[in-house]
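Engineer: Input: one structure, supplied below.
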Amino acid sequence: MSNKTKIKICGITNLEDAKQIANLGVDYLGFIIDYQPSPRSLNLDEVAMITTQIKKDFSHIKLVGVFVDKGLDFVREAIISCHLDVVQLHGRESIEYCKDLKNNAEIFKAVIIKNKQDVLKAEKYRGVVDEILFDAGRGSGEEIAFDLLENIEVNILAGGLGFDNVERAVEKINPKVVDLNSCLEMYPGKKDLEIVSQVVSLIKSNNMKKLFFSTKYDADENGYFGKYGGRYVPELLRPALQELEKVYEDAKQDPSFECELMDLYKNYSGRPTPLYFAKNLTEKLDGAKIYIKNEGLNHTGAHKINHCLGQVLLAKRMGKKRLIAETGAGQHGLAVATVAAKFGLECTIYMGAIDVDRQRPNVFFMEQLGAKVVPVEYGTQRLKDAVMAALQDWISDSKDSYYLLGSALGPHPYPSMVRDFQNIVGLEVREQLEVQEGKTPDYLVACVGGGSNAIGLFNTFLDNENVKMIGVEAGGKGVEHIGGHASRLQGEGKIGVVEGYKSFFLQDEDGQIQGTHSISAGLDYAGIGPEHASLFEKGRVQYESVNDEEVLNAFQLLAKTEGILAALESSHAVAHAIKLAPTLDKEKIIVVNLSGRGDKDLFIVAEEFGGSGWKDYLKSKVK
């Protein structure tokens with residue numbers, strides 16, 4: 001997969017074209033300056049007239065002046081008078097010439113590629129200029145020979161690129177920037193704005209297609225990750241799951257589905273969420289750099305909205321009228337209630353009675369959004385019982401209802417589907433860290449209940465063996481205490497089949513599900529998603545646990561060093577990062593997925609830290 005491909009449109013000759021193309025959201029506009037052989041050449045005054053207005057109206061767009069063997073003084077004058085951000089050198093300019101301009105602007109050095117010797121010539125400029133541009137000629141429209149660029153880091157790709165070949169070029173060459181010019185014209189010097197719009201839309205669509213991709217750790221066609229996963233459900237549910245699988249596979253191939261989802265991520269949920277360098281925490285621990293992927297800044301306060309938006313679009317495609325869901329911490333339930341309200345669907349949410357009590361704020365807000373919240377009074381009255389209640393409801397009404405499952409578990413296709421909708425987390429991290437640090441992370445750390453936030457962070461990097469990954473389970477009162485934790489992989493988890501899938505579950509000697517405990521309701525679950533079980537068995541991901549005391553300490557430390565109130569689930573990942581960072585070199589990078597914010601945990605945290613003042617306040621409200 002490539003990172004986002006930036007777009008440069010070159011050979012602009014008039015203000016109208018410049019404004020129209022800038023409105024399309026391109027990254028660079030290029031102007032050929034004082035090169036008479038080109039029909040697109042402009043003098044300094046003509047360029048300045050256009051760039052002055054563009055710089056005023058579109059300050060985020062970088063302006064590029066293209067020069068061929070011009071004197072240094074002329075180029076420096078052009079940089080100032082034409083408000084240029086970048087100088088693109090398209091002649092025989094030497095390395096020394098490029099060095100002389102480095103302090104004046106960014107430098108792109110173009111090299112015309114006809115053979116392998118030309119490729120070697122280009123490499124001499126690497127490290128001297130900011131970017132190397134590989135071209136087939138100066139505005140000739142001739143397509144560059146892609147085969148010559150195999151296994152070469154291509155900063156900027158030019159040469160005969162247009163609607164018919166740019167997608168293939170990006171896929172084959174993976175450039176940081178594509179430079180388009182003559183193939184977008186009605187005639188030399190005049191852009192065909194309709195074609196320009198089509199090409200820009202195509203490139204942006206190609207950038208978005210990364211949401212759905214495959215790794216070598218994917219499930220097989222029957223939904224098995226190795227021996228884990230599958231579809232163990234009553235016959236009554238098989239048709240509903242088969243229908244869902246088909247609709248989902250069709251949706252992944254439909255560009256309009258992904259475009260609609262990405263638009264919701266951006267304009268409804270508020271993505272991308274920040275990747276924040278926790279400078280104070282890093283300095284306090286005196287070890288590896290810690291970055292926080294703050295999913296708590298999503299609409300509804302957690303990562304759960306990511307897969308809820310994806311699944312509600314599927315429900316609408318299937319003509320469903322009602323959403324059914326389970327929830328533990330309430331963040332998934334809140335997100336389901338939110339999308340149900342937005343899309344005009346009925347909503348029933350099942351929640352263990354114990355979780356209803358300790359997550360009362362989320363229950364209140366779910367009800368305000370129009371959802372019916374059903375406390376589950378039997379069994380352990382926690383998440384696993386809420387899942388069973390939701391499944392029973394779905395069995396009785398699968399024709400009109402959609403079961404919007406809240407984690408990367410359950411019967412196929414849910415584990416793969418939820419993971420794919422959470423891919424946006426890891427994809428953003430990769431792009432954001434590339435901008436901030438120019439590299440991939442060394443360690444990824446995320447809490448693991450069912451595993452949706454963790455697999456969403458991990459999946460983008462699974463095929464990169466240099467990136468180490470750590471899932472953090474709920475150690476509760478200690479993994480040595482039966483019923484006192486929810487650590488399936490670090491505790492005494494055994495392989496079993498529960499709630500429609502095969503994985504590791506905390507079980508007693510008779511195969512019955514054991515009770516669990518965690519200070520965080522969202523991790524208080526006896527099973528783990530099947531892909532996590534497979535990744536654990538294969539040794540690709542390391543799984544650890546932290547206890548309740550470590551979680552509370554991490555919650556406080558992050559709050560007091562960085563001003564961030566993390567969900568108690570997320571604080572498990574923070575707690576492990578606090579232990580990990582001091583053991584690593586300072587140039588190493590840890591990315592912690594902060595899956596949600598902590599306001600939902602007000603009553604739990606206040607019970608630990610609130611003191612008599614908080615209790616007096618509650619008593620006053622009871623009166």
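The values are calculated or read from the model by the stated rules, or taken from the named source; none is laboratory data. Computed from a predicted structure; not experimentally measured. Ideal geometry is used to build each Cβ from the backbone, glycine not excepted, and the neighbour counts take in all protein chains shown. Just so you know, the surface numbers come from the protein's heavy atoms only, side chains and all, with ligands and any DNA or RNA stripped out. Shrake-Rupley method; radii C 1.70, N 1.55, O 1.52, S 1.80 Å.
Engineer: Which far-off residues, 5 or more places away or on another chain, put their amide H under 5 Å from the one on Gly478, with H placed in the peptide plane?
Structural biologist: Those lying under 5 Å, H to H, from Gly478 are Asp548.
Engineer: In whole Å, what is the distance between the alpha-carbon centres of region 186-250 and region 117-136?
Structural biologist: Between the Cα centres of region 186-250 and region 117-136 lies a distance of 36 Å.
Engineer: Ok, one more. What is the helix-to-structure angle for 72-81, meaning the angle in degrees between its Cα long axis and the longest Cα principal axis of the chain, kept from 0 to 90 and rounded to the nearest 10?
Structural biologist: 60
Engineer: Do the alpha carbons of any pairs in Lys560/Lys586; Lys246/Lys320; Lys210/Lys502 sit beyond 25 Å of each other, and which pairs?
Structural biologist: Working: Lys560/Lys586 22 Å; Lys246/Lys320 15 Å; Lys210/Lys502 29 Å.
The pairs that break the limit, which is 25 Å between Cα atoms, are Lys210/Lys502.
Engineer: Just to confirm the filter: which trypsin sites (Lys or Arg not before Pro) across region 419-510 are DSSP coil and have at most 16 other Cβ within 10 angstrom of their Cβ? Please list the in-between numbers first.
Structural biologist: Numbers: sites: Arg419, Arg430, Lys439, Lys468, Lys477, Arg488, Lys494, Lys502; in loops: Lys439, Lys477, Arg488.
Hits after loop and neighbour filter: Lys439, Lys477.
Engineer: Lys621: which lysines have alpha carbons under 20 Å from its alpha carbon, excluding same-chain residues fewer than 8 sequence positions away?
Structural biologist: Lys600
Engineer: Please list 3J(HN,Hα) in residue order for region 233-240, calculated via the Karplus relation 6.51 cos²θ - 1.76 cosθ + 1.60 where θ = phi - 60°; whole Hz, with x for glycine and proline.
Structural biologist: After applying 6.51 cos²θ - 1.76 cosθ + 1.60, I find 9, x, 3, 4, 8, 4, x, 5 Hz.
Engineer: Here's another thing I want to ask about it. Can you find, among Val605, Asn593, Leu580, the residue farthest towards the positive end of the dipole of region 569-623? Put +1 on the C-beta of Lys and Arg, -1 on that of Asp and Glu.
Structural biologist: Val605
Engineer: Which whole-number percent is the relative contact order of the chain (Cα, under 8 Å, 6+ apart)? Please report the intermediate quantities before stating the final value.
Structural biologist: Numbers: 1299 pairs, mean separation 73.2, N = 623.
Once divided by the residue count of the chain, the mean separation gives 12 percent.
Engineer: Amide H to amide H under 5 Å from Ser545: which residues, 5+ apart in sequence or cross-chain, H placed 1.01 Å off N in plane?
Structural biologist: Glu473
Engineer: On full extension of the chain, what length is gained from Leu584 through Asp599, given 0.36 nm per residue of separation minus the C-alpha to C-alpha distance? Please report the intermediate quantities before stating the final value.
Structural biologist: Values: separation 15, 0.36 × 15 = 5.40 nm, distance 3.17 nm.
Full extension of this stretch gives 2.2 nm more.
Engineer: Could you tell me what percent of the accessible area of the chain is made up of carbon and sulfur, with a 1.4 Å probe and every protein chain present? List each step's numbers first, then the result.
Structural biologist: On the way: 12210 of 25020 Å².
Roughly 49 percent, rounded to a whole number.
Engineer: Also, I was wondering about something else. Any idea of the accessible area per residue across the chain, 1.4 Å probe, to the nearest Å²?
Structural biologist: Details: 25020 Å² over 623 residues.
Using a 1.4 Å probe on heavy atoms only, each residue of the chain averages 40 Å².
Engineer: Right, next: Measure nothing but the geometry: give the 0 to 90° angle between the long axis through the Cα atoms of 548-562 and the longest principal axis through the Cα atoms of the chain, rounded to 10°.
Structural biologist: 30
Engineer: Do you know the relative contact order of region 20-94, to the nearest whole percent, from alpha carbon pairs under 8 angstrom that are 6+ apart? Spell out each step's value before the answer.
Structural biologist: Numbers: 106 pairs, mean separation 23.8, N = 75.
Over region 20-94, the number comes to 32 percent.
Engineer: Taking the chain as the reference, fit the longest principal axis to its C-alpha atoms, fit the long axis of helix 611-622 to the helix C-alpha atoms, and give the angle between the two in degrees, 0 to 90, nearest 10.
Structural biologist: 70
Engineer: Taking GluC sites (Glu not before Pro) as exposed when DSSP calls them loop (any state but H, G, I, E, B) and at most 16 other Cβ atoms lie within 10 Å, what is the longest stretch of the chain free of them, the sites themselves excluded?
Structural biologist: Numbers: sites that count: Glu142, Glu143, Glu150, Glu153, Glu221, Glu377, Glu465, Glu480, Glu492, Glu509, Glu587.
Result for the longest clean stretch: 222-376.
Engineer: What does the helix-only formula give at 222 nm for the chain: each DSSP H stretch with n ≥ 4 adding -39500 (n - 2.57), the total divided by the residues, and the result rounded to the nearest 500 deg cm²/dmol?
Structural biologist: Numbers: 22 runs with 247 residues, N = 623.
The per-residue figure over the chain is -12000 deg cm²/dmol.
Engineer: May I pose another question? Can you compute the FRET efficiency between His481 and Glu260 using 1/(1 + (r/R0)^6), with r the Cβ-Cβ distance and R0 = 35 Å? Round to the nearest 0.05.
Structural biologist: Values: r = 47 Å, r/R0 = 1.35.
It comes to 0.15.
Engineer: What residues qualify as long-range amide H neighbours of Leu565, i.e. H under 5 Å apart, gap of 5 or more or another chain, H built at 1.01 Å from N?
Structural biologist: Correct list: Gly598.
Engineer: If you don't mind, there's one more thing I want to ask. Which entry in (i) 27.6, 87; (ii) 26.5, 88; (iii) 32.4, 110 matches Rg and Dmax of the Cα atoms in Å derived from the coordinates of this structure?
Structural biologist: Read-out taken from this structure: (i).
Engineer: Here's a follow-up. Each residue of region 493-508 in turn: what ³J(HN,Hα) in whole Hz from Karplus with 6.51, -1.76, 1.60 and θ = phi - 60°, glycine and Pro shown as x?
Structural biologist: The phi angles translate into x, 10, 5, x, 10, 9, 6, x, 8, 9, 6, 8, 9, 6, 10, 8 Hz.
Engineer: Determine the shape class of region 288-421: with a ≥ b ≥ c the square roots of the Cα gyration tensor eigenvalues, call it rounded for a/c under 1.5, and otherwise prolate if a/b is greater than b/c, oblate otherwise.
Structural biologist: Working: a/c = 1.42, a/b = 1.14, b/c = 1.24.
Verdict is rounded for region 288-421.
Engineer: Could you state the number of Å between the C-alpha centres of region 581-595 and region 413-431?
Structural biologist: Here the two parts' Cα centres lie 21 Å apart.
Engineer: Now, a different point. Residue-wise, which Karplus ³J(HN,Hα) couplings in Hz belong to region 23-36, taking 6.51 cos²θ - 1.76 cosθ + 1.60, θ = phi - 60°, and x for glycine or proline?
Structural biologist: Per residue, the Karplus-derived 3J(HN,Hα) values read 5, 7, x, 6, 9, 9, 10, x, 10, 7, 10, 6, 10, 4 Hz.
Engineer: Still on this structure, I have one more. Could you tell me the center-to-center distance, by alpha carbons, between region 272-350 and region 53-73 in angstrom?
Structural biologist: Taking the Cα centre of region 53-73 as reference, the centre of region 272-350 is 42 Å away.
Engineer: Now for a separate question. Could you grab the relative contact order for region 493-563? Cα pairs under 8 Å, six or more apart, rounded to a whole percent.
Structural biologist: Working: 55 pairs, mean separation 14.4, N = 71.
Normalised by residue count, the contact order of region 493-563 is 20 percent.
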